[in-house]
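Presented below is the structure to which this report refers.
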Amino acid sequence: MSLDRLSREGAYAQIRARGRDLLTLMQRASNVRDAAWGRTVTYSRKVFIPLTNLCRDKCAYCTFARRPGDPLARTLTPDEVLAIARAGERAGCKEALFSLGERPELVHAAAREQLAQLGRASTVDYLAAMLRLVFEETRLLPHPNPGALFEEEWRKLRPWAGSMGMMLENVSPRLMERGQAHFGCPDKAPERRLAALEAAGRLRIPFTTGILIGIGETPEERVDSLFAIAELHRRYGHIQEVIIQNFRRKPDIRFRAKDEPSALEMARTIAVARLILPPEISLQAPPNLTPDAYTLYLLAGINDWGGISPVTRDHINPEAPWPAIAELAAASADAGFELRERLAVYPRFHTAAWLPPRVLARVTELL
């Protein structure tokens, strides 16, 4: 084990670091980040397309998913999808981030009826059609977050996406138990999430994943989740970035009274992640979820702020507005970093070995 990497046992200890030990941990993580990524921090200029908020899962922390009959339940039509994408294109966006509920047609008759009206057999089929629509009608690069798909489903999306994503969240089966965050969520079963990540690796899809902290997991379960990601990347090389995302309370969720993780807890997790994950994996934390911790996150080892939209809100965390690019640039500069824009798919994947020909051509146009 390299001196700048953590063993699992070492990570179990460091995930609880405090005081001088925490400062040392963050310095180690910063050194690894500087060696791999320099003093540049990046972001992707995106437009957020919430294809459908119908979902079969019932996550205790989610305000995005809605049930049929809810006034806020909605599936976008092709015209609506294209209108959002074109608004993003006019605003200088290069990424079209598709977010959607998982397999609503398996439990909701209304979802099946909507899909029939749209001429599609499944939500994944409809997503593939909308990726193609946006790819062909705009210059945007689609990036879907469709949940835990099977290999044949990832294959349907691949011709029209530069990269794809799915949050692992956590590998603990304990979180599937009654009263826990993932009770009633078949798509959040750790074996399903890990199988989906592995299928994407077999297909050589540049992939974004991450963990969600503050949903009832132990610090050691965070470590286990990060090691699971690192192991899959060592086998397939396809993980382009890992997100460390903090739980935020919302008034309409089952976890509405749950404590949120502190900025220091985020910093500990970020630093440990940097020392577990291979250094070529980009590490990010969403800036809109802790807007007073920009400098702390940079000191803890991140090198990316993720997707930021000048057009659409964060539909997963609607209470948290995106920061202005100028604000983020100034905060990054104060910490000694230069803010630069990037594409949704990272440079080391800009090759024919990773991208279909038409997608590689689009990437080349956008550079």
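Apply the Karplus parameterisation 6.51 cos²θ - 1.76 cosθ + 1.60, with θ equal to phi minus 60°, to every residue of the stretch 248-255 and state each ³J(HN,Hα) to the nearest whole Hz, in sequence, with x for glycine and proline.
Listing the rounded values in order: 10, 5, 9, x, 10, 10, 5, 8 Hz.
Can you tally the net charge around Ala17? Count Lys and Arg as +1, Asp and Glu as -1, for every other residue whose Cβ sits under 15 Å from the Cβ of Ala17.
Result for the neighbourhood of Ala17: +3.
Measure up Lys46/Lys250; Lys58/Lys188; Lys46/Lys188; Lys58/Lys258 against 18 Å on the Cα-Cα distance and list the ones that go over.
Lys46/Lys250; Lys46/Lys188
So what's the angle, to the nearest 10 degrees on a 0 to 90 scale, between helix 219-236 and the longest Cα principal axis of the chain?
The angle comes out at about 70 degrees.
Provide the gained length on full extension for the span Leu23 to Arg86, in nm with one decimal, where the gain is 0.36 nm per separating residue minus the Cα-Cα distance.
Gain on stretching Leu23 to Arg86: 18.1 nm.
Roughly how many nanometres apart are two label points built 7 Å out from the Cα toward the Cβ at Ala335 and Met176?
Placing both labels 7 Å beyond Cα along the Cβ direction yields 3.6 nm.
Could you tell me the largest-minus-smallest coordinate of the C-alpha atoms of the stretch 185-318 on each of the three principal axes, in descending order and whole angstroms?
In descending order, the Cα extents are 39, 36, 35 Å.
Starting from the Cα of Arg204, step 7 Å along the direction of its Cβ; do the same at Thr364; then give the gap between the two resulting points in nm.
According to this spin-label approximation, the distance is 1.7 nm.
On a full-extension model of 0.36 nm per residue, what is the gain between Phe150 and Arg39, subtracting their alpha-carbon distance, rounded to one decimal in nm?
Going from the current span to full extension adds 36.2 nm.
Read the figures in this text as sums done on the coordinates, not as results from a lab. Only a predicted model underlies this, so the values are computations on that prediction, with no experimental measurement involved. Quick reminder, even Gly has a Cβ in these numbers, built from the backbone with ideal geometry, and neighbours come from all protein chains shown.
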